[in-house]
Amino acid sequence: MASETSPGIVDRVQRFVEEHKTAILIGTGVAVALGGAAYLASTSGHGGDRDKKKKSLKTPKKRKSVKDADGPILEERKPKAEKVPEPEEEVVPPTPEELAAMSLEEKTNLAASYKSKGNAAYSTKKFDVAAGLYTLAIDVSPKPEPVYYSNRAACYVNMTPPKHELVVQDCDEALKLDPTYVKALNRRAMALEGLHRYIEALRDFTAATILEKFTNQNAAQSVERVLKKFTAEKSVEILQTREPRLPSFTFVSAYFAAFRTRPLPSVGDSPTTGDSTLLLALEALAAEDYPHAVSFVNEALTQEISSDANRAEALNLRGTFKFLTGDVDGAKSDLQESIRLVPSFTQSLVKVASVHMEQGDPVKAFECFDEAIRQNTNDPDIYYHRGQVLFIMNEFADAAENYTKSTELDDTFVFSHIQLAVAQYKGGDLAKSMATFRRTLKAFPTRSEPHNYYGELLLDQGRFSEAVEKFDRAVELEKEKSPPNVLSIVNKGLALYQWKQDIGAAERCCNEALRLDPECEAAVATLAQLNLQQGKIEKAVEMFARQAELARSEPELASALTYQYATAAQMEFMKNYPSMAAELSAIAQNM
């Protein structure tokens with residue numbers, strides 16, 4: 001159930017950002033690199049060469065030192081050569097009168113001795129004893145010392161169970177005294193993570209990453225870990241509570257265009273009320289009036305429909321709309337009931353295959369394709385959509401074979417030709433791919449899609465002026481429609497940005513696309529990245545939030561939320577550490 005004939009434009013925007021992350025995310029000194037939004041989004045849930053590089057950087061395990069982010073994190077701010085007393089020594093704190101009689105130096109030395117005894121107790125894992133000694137150090141010290149609070153927090157971390165709330169309280173005190181105290185930031189972040197206060201944990205891990213100039217891989221990995229946990233939970237919560245809604249017109253129209261037109265069902269001379277309402281739904285679908293199509297098909301299924309074939313048709317359409325709104329289980333139920341009523345309904349079999357792919361089960365998907373072929377070996381849509389699944393799996397030669405079969409059965413379907421050219425290109429046969437595209441352009445002179453997707457391949461090759469020319473032609477052809485598909489406008493903006501770094505032109509293209517289709521996710525995603533590049537961080541966060549609102553599936557939503565909250569954490573860092581802006585820009589320029 002593919003909606004586009006090449007990798008989604010949102011993916012291409014994010015891939016371009018990933019490849020140029022320093023240039024895009026520096027902006028006006030907003031740092032990013034390892035702590036950046038693009039890096040975080042691109043590394044969460046993806047492996048490949050990046051993971052291999054990380055593994056190659058690993059060194060043999062060594063005993064943790066005070067320099068390690070995760071412990072023991074007990075340290076002297078100004079180390080002194082002093083004998084560490086045995087922790088078993090009985091400690092008798094001074095009375096209030098004795099303490100009042102001491103000089104400042106005596107109080108300072110007494111506090112230091114308690115801290116040394118606390119360190120010794122900590123080293124033998126007597127965390128309760130150590131915490132008590134650090135408390136004494138805090139009580140007698142003539143001035144607050146952040147290290148005393150930080151070390152006591154270390155004790156609370158290691159208790160069973162950990163006392164996360166007390167860790168947060170002590171780190172709050174330490175950071176009031178020294179806002180750049182990285183060990184306290186890391187410890188508070190871990191406690192906040194343990195309390196499932198993920199946004200606050202992300203704030204602290206991001207600050208620690210930037211303050212350490214992106215040299216601490218543990219902190220950077222902690223940012224990714226917290227983002228992954230938070231976005232996973234947040235995505236499920238949002239999808240469970242928000243009302244189902246259709247994606248943008250551009251998305252829905254591209255989706256339905258990926259299926260050949262079917263004749264209207266037969267209703268005879270005396271159609272039932274349900275038959276008539278079903279016809280209204282299909283007529284609205286043909287007119288690309290998708291909201292009315294949804295309303296009519298839902299109504300039809302509550303009415304009397306004259307035959308199993310017509311009911312299967314209605315279930316197929318309702319299941320399709322459920323799939324588009326993200327209700328994957330509901331879609332599967334409707335489509336399977338459609339097949340039960342009419343086992344030879346190959347379009348429903350193809351769509352169930354796509355549902356299985358959405359759920360990560362390619363084996364069942366191919367079982368559905370096999371059954372569809374057994375039912376009707378001459379249905380070209382089966383081979384086209386099986387080709388789409390193979391394409392997604394990077395099986396480009398097999399995908400091309402299926403697209404070819406689809407065109408042999410019906411050469412009037414433009415997307416089979418386009419996708420064949422794209423599969424040939426991805427498979428490394430550039431000459432054959434370009435030849436296929438040229439034939440397709442000639443065979444379908446009034447269709448915008450060949451120009452748009454040919455432009456994408458030209459853009460991928462860095463042939464910018466030719467790509468823009470193709471996108472312009474696609475835009476002109478789309479003007480004949482109302483409303484038009486706006487992907488070619490967004491593609492033109494992306495091409496102008498990559499070619500000339502013309503941010504203004506790119507923004508104008510995206511804003512024009514949103515004027516025509518206010519819910520075009522590709523335009524929103526591109527604008528978010530362009531704002532981020534220019535240092536318009538608040539606007540970027542706003543656009544990422546809008547992208548999350550438009551996301552259809554859980555993975556899409558998690559990706560948008562990752563960008564949104566990673567960028568927001570950096571924005572908060574700049575607010576809390578304004579003096580770091582110039583330094584961050586210099587760091588990023590040298591990376």
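Sort the range 364-445 into rounded, prolate or oblate with this rule: let a ≥ b ≥ c be the square roots of the eigenvalues of the Cα gyration tensor; rounded if a/c is under 1.5, and if a/c is not under 1.5, prolate when a/b is larger than b/c, oblate otherwise.
Cα axes put the range 364-445 in the oblate bin.
Scan around residue 272 for amide H atoms under 5 Å from its own, H built in the peptide plane at 1.01 Å from N, and keep only partners 5 or more places away or cross-chain.
The answer is 306.
Provide the net charge surrounding residue 169, with neighbours chosen by a C-beta distance below 10 Å and charges set as Lys +1, Arg +1, Asp -1, Glu -1.
Neighbour charge sum, excluding residue 169 itself: -1.
If each residue of separation counts as 0.36 nm, what is the full-extension length gain between residue 176 and residue 105 once their alpha-carbon separation is subtracted?
23.2 nm
Please tell me the relative contact order of the range 418-477 in percent, rounded to the nearest whole number, where contacts are Cα pairs under 8 Å and at least six residues apart.
It rounds to 27 percent for the range 418-477.
Give a residue-ordered list of calculated ³J(HN,Hα) values for the range 94-100 (Karplus: 6.51 cos²θ - 1.76 cosθ + 1.60, θ = phi - 60°; whole Hz; x for Gly, Pro).
x, 6, x, 5, 5, 5, 5
Is the shape of the range 427-467 best called rounded, prolate or oblate, per the rule: a/c under 1.5 gives rounded, else a/b larger than b/c gives prolate, else oblate, with a ≥ b ≥ c the square roots of the Cα gyration tensor eigenvalues?
Oblate is the answer for the range 427-467, as a/c is 1.5 or above yet b/c matches or exceeds a/b.
So what are the ³J(HN,Hα) numbers for the range 276-288, from phi and the Karplus equation (6.51, -1.76, 1.60; θ = phi - 60°), rounded to whole Hz, Gly and Pro as x?
Whole-Hz 3J(HN,Hα) from phi for the range 276-288: 5, 5, 4, 4, 4, 5, 6, 5, 5, 4, 5, 8, 6.
Leaving out ligands, DNA and RNA, what percent of the accessible area of the range 143-267 is carbon and sulfur, probe 1.4 Å?
Carbon and sulfur together cover 55 percent of it.
Quick check: net charge around residue 153, other residues with Cβ under 12 Å of its Cβ, Lys/Arg +1 and Asp/Glu -1?
+1
Leaving out ligands, DNA and RNA, what percent of the accessible area of the range 465-577 is carbon and sulfur, probe 1.4 Å?
Summing carbon and sulfur atoms, their accessible area is 46 percent of the total for the range 465-577.
If you rank 277, 108 by how much accessible surface each has, with a 1.4 Å probe, what is the order from largest down?
Most to least solvent-accessible, the answer reads 108, 277.
Whole-Hz Karplus ³J(HN,Hα) for the range 176-189, in order, using 6.51 cos²θ - 1.76 cosθ + 1.60 and θ = phi - 60°, x for Gly and Pro?
Ordered by residue, 3J(HN,Hα) equals 5, 7, 8, x, 9, 6, 5, 5, 5, 4, 5, 5, 5, 4 Hz.
Considering Cα pairs under 8 angstrom that are at least six residues apart, work out the relative contact order of the range 131-238 and quote it in whole percent.
The value is 18 percent.
Could you provide, to the nearest whole Å², the per residue accessible area of the range 336-480 with probe 1.4 Å?
Computed with neighbouring chains in place, this is 45 Å² per residue.
Give, in nm to one decimal, the length gained when the segment between residue 464 and residue 361 is fully stretched (0.36 nm per residue of separation minus the Cα-Cα distance).
33.2 nm
Roughly how many nanometres apart are two label points built 7 Å out from the Cα toward the Cβ at residue 92 and residue 286?
Using points 7 Å along Cα→Cβ, the separation is 10.1 nm.
Taking a probe of 1.4 Å, how large is the accessible area per residue of the range 147-212, in Å²?
36 Å²
So which of 143/176; 332/364; 176/229; 539/575; 322/351; 405/432 end up more than 19 Å apart, counting from Cα to Cα?
Correct reply: 176/229.
How big is the accessible area of residue 171 in square angstrom, nearest 10, if you roll a 1.4 angstrom probe over the protein chains?
About 0 Å², ignoring ligands and nucleic acids.
For the range 227-269, what class follows from the C-alpha gyration tensor (a ≥ b ≥ c being the square roots of its eigenvalues): rounded when a/c is under 1.5, otherwise prolate if a/b is larger than b/c, else oblate?
prolate
Would you work out the relative contact order for the range 384-442, in percent, from Cα pairs under 8 angstrom that are 6 or more residues apart?
27 percent
Using a 1.4 Å probe on the protein chains only, how many percent of the accessible area of the range 333-436 belongs to carbon and sulfur?
Summing carbon and sulfur atoms, their accessible area is 48 percent of the total for the range 333-436.
The values are calculated or read from the model by the stated rules, or taken from the named source; none is laboratory data. Being a predicted model, the structure only gives us computed values, none of them experimental. All Cβ positions, glycine included, derive from the backbone under ideal geometry; neighbour counts span all protein chains shown. Each accessible area value is taken on the protein alone, full model and side chains, heavy atoms only, with ligands, DNA and RNA left out. Shrake-Rupley method; radii C 1.70, N 1.55, O 1.52, S 1.80 Å.
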